[in-house]
Amino acid sequence: MEATQEIIDRIAYLQAELTKYGMAYYVKDQPLVDDATYDALYRELEELEASYPQYQTEDSPTARVGGIILPGFEKAIHEIPLYSLSDVFTKEELFAFDQRVQKTLGYEPKYVCELKIDGLSISLTYEAGRLVRAATRGDGTVGENITENIKTVQSVPLRLPQEIDLEVRGECYMPKASFLALNQKREEEGLETFANPRNAAAGSLRQLDSKITASRNLSTFLYTLADFGPLQVTTQEEALVHLGELGFRINPEHHVCHSIEEVWSFIEDFHDKRSELPYEIDGIVVKVNEFAAQNSLGFTVKAPRWATAYKFPPEEAVTTIEDIDWT
Ligand SMILES: NC(=O)c1c(N)nc(OC2CCCC2)nc1O[C@@H]1CCC[C@@H]1O
């Protein structure tokens, strides 16, 4: 059916508005409209796109529901490898890391601390501002192409505000509340429950039916650029801020520390706050902030010399909602 200019404009308006509302709700955690308003506009867009499918764009908000069932996952080669992190488990080991860094640099650098999100590491590739590939980390060089599944994760932008080529990396995770609700539902259905949110996220992302992925309330925190492309950033802190400006979901608890002692107090602080977070973390990632200093330090075979992960002991597992002491 041919569409009038008025209908074409209305479809474009709804696609833009609902994308803006979705970004505010899922990325910035700051809703702009109430659910009823969003749902009414979403239904109107669904009806219009069903009547005029030639105007349903692949980055329309209605494209998030999944529906592709893949025969299997294609391999995804990482041109720039996804490194792992060295681990430290004590204050002494953390300070020894700082000593090695200072020995190489000849000065004490600023560090940026980030919560170590306990999810599945992913890589997102954009060409001319459009998401063209999403992949799991795999072994760091070869992962799985999970583009169709990642498109159903509401916090992942399908289109950037600038038509740039970019590859970003981060974690896809399942919030604790979604994990508990999912396990309760599976229990009621006599299905096997997931051991922890990380396994639940991995299982949800590695579904061949993207409709199942769409139902699992996954979210993301992005933390690094594989290639800096056109971005003019010189520190990790700036990179995080810029990723946020591009529309990616960034964990707000990043903090620049001016000494390893300050890093330690950040670690102690979050050791206590950990159980109150709405997502699981398994430690704190400590990175030299300046990219120039990172380049001087370089990488070992598998991990950067300019970063380490202080690991927390495993959190006592909360398996079902009944286990929580709500008092
Ligand atoms: N899990 C995380 O929250 C996290 C993070 N906040 N920052 C990084 O920085 C990368 C960059 C270079 C080497 C590690 N890595 C993280 O997780 C990685 C994914 C795979 C191994 C580590 O867990």
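The values are calculated or read from the model by the stated rules, or taken from the named source; none is laboratory data. Predicted model only: the values in this text are computed from it and were never measured. Cβ placement follows ideal geometry from the backbone for every residue including glycine, while neighbour counts extend to all protein chains displayed.
Which residues, counting only those in segment 224-233, are at negative phi and part of a loop (DSSP other than H, G, I, E, B)?
Within segment 224-233, Phe228, Pro230, Leu231, Gln232, Val233 qualify.
I need the full set of residues from segment 141-163 which are more than 15 Å from the ligand (Cβ to nearest atom), among the polar types (S, T, N, Q) and within 12 Å of Ala76 (Cβ to Cβ), in order please.
Asn145, Thr147
So which residues in segment 177-199 are under 22 Å from Val27 (Cβ atoms) and either within 16 Å of the ligand (Cβ to nearest atom) or of a type in the set (Val, Ile, Thr) (or both), if there are any at all?
Within segment 177-199, Pro197, Arg198 qualify.
Condition test on Tyr83, is it in a loop (DSSP other than H, G, I, E, B) and free of Cβ contacts under 8 Å to residues at least 12 places away in the same chain?
No, not satisfied.
Given the structure, is Glu171 of a type in the set (Asp, Glu), surrounded by 20 or more Cβ atoms within 10 Å (Cβ to Cβ) and within 16 Å of the ligand (Cβ to nearest atom)?
Yes, satisfied.
Specify which of the listed residues (Ala36, Ala96, Ala24) is under 30 Å from Gln294 (Cβ atoms) and among the aliphatic types (A, V, I, L, M).
Ala96
Filtering segment 263-298 down to residues that are away from the ligand (no atom under 13 Å from the Cβ) and of a type in the set (Phe, Trp, Tyr), which residue is surrounded by the most Cβ atoms within 10 Å (Cβ to Cβ)?
Phe266
Looking at segment 200-215, which of its residues are surrounded by fewer than 20 Cβ atoms within 10 Å (Cβ to Cβ) and either charged (D, E, K, R) or within 16 Å of the ligand (Cβ to nearest atom) (or both)?
Ala202, Arg206, Asp209, Lys211
Quick one: which of Thr90, Thr57 is surrounded by fewer than 16 Cβ atoms within 10 Å (Cβ to Cβ) and in contact (Cβ under 8 Å) with a residue 24 or more places away in the chain?
Within the list Thr90, Thr57, the selection yields Thr57.
Just the residues that are away from the ligand (no atom under 16 Å from the Cβ) and either crowded, with 17+ Cβ neighbours inside 10 Å or over 24 Å from Gln162 (Cβ atoms) (or both), please, taken from segment 125-140.
Thr125, Tyr126, Gly129, Leu131
Determine which single condition Leu166 fails, assuming it passes every other condition in (1) within 16 Å of the ligand (Cβ to nearest atom); (2) over 17 Å from Val27 (Cβ atoms).
So the condition that Leu166 fails would be (2).
Six or more apart or on different chains, Cβ atoms under 6 Å: show the pairs whose first residue is in segment 153-174 and within 21 Å of Thr19 (Cα to Cα) and aliphatic (A, V, I, L, M) and whose second is within 16 Å of the ligand (Cβ to nearest atom) and part of a loop (DSSP other than H, G, I, E, B).
Every condition considered, the pairs that remain are Val153/Leu218.
Which of the residues that make up segment 245-255 are closer than 28 Å to Glu108 by Cβ and surrounded by fewer than 16 Cβ atoms within 10 Å (Cβ to Cβ)?
Matches in segment 245-255: Pro252 only.
Let's see how each residue does on (1) touching a Lys or Arg at 6+ places or on another chain (Cβ under 7 Å); (2) within 16 Å of the ligand (Cβ to nearest atom); (3) modelled with pLDDT of 95 or more:
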residue	(1), (2), (3)
Leu41	no, no, yes
Glu58	no, no, no
Ala63	yes, no, no
Leu70	no, no, no
Leu85	no, yes, yes
Lys91	no, no, yes
Gln102	no, no, yes
Ser123	yes, yes, yes
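Starting from segment 107-119, take each residue that is in contact (Cβ under 8 Å) with a residue 24 or more places away in the chain and over 12 Å from Ala309 (Cα atoms) and list its partners that are among the polar types (S, T, N, Q) and more than 16 Å from the ligand (Cβ to nearest atom), counting only C-beta distances under 7 angstrom and pairs at least six apart or across chains.
Pairs that qualify, where the first residue is in contact (Cβ under 8 Å) with a residue 24 or more places away in the chain and over 12 Å from Ala309 (Cα atoms) and the partner is among the polar types (S, T, N, Q) and more than 16 Å from the ligand (Cβ to nearest atom), are Glu108/Gln102; Glu108/Ser259.
Only residues that are among the hydroxyl-bearing types (Ser, Thr, Tyr) and in a helix (DSSP H, G or I): list them for segment 21-79, please.
Matches in segment 21-79: Tyr21, Tyr25, Tyr26, Thr37, Tyr38, Tyr42, Ser51, Tyr55, Thr62.
Would you tally the residues in segment 222-236 being crowded, with 18+ Cβ neighbours inside 10 Å and either in contact with a Phe, Trp or Tyr (Cβ under 7 Å, 6 or more places away or on another chain) or of a type in the set (Asp, Glu) (or both)?
Residues that pass the stated criteria total 2.
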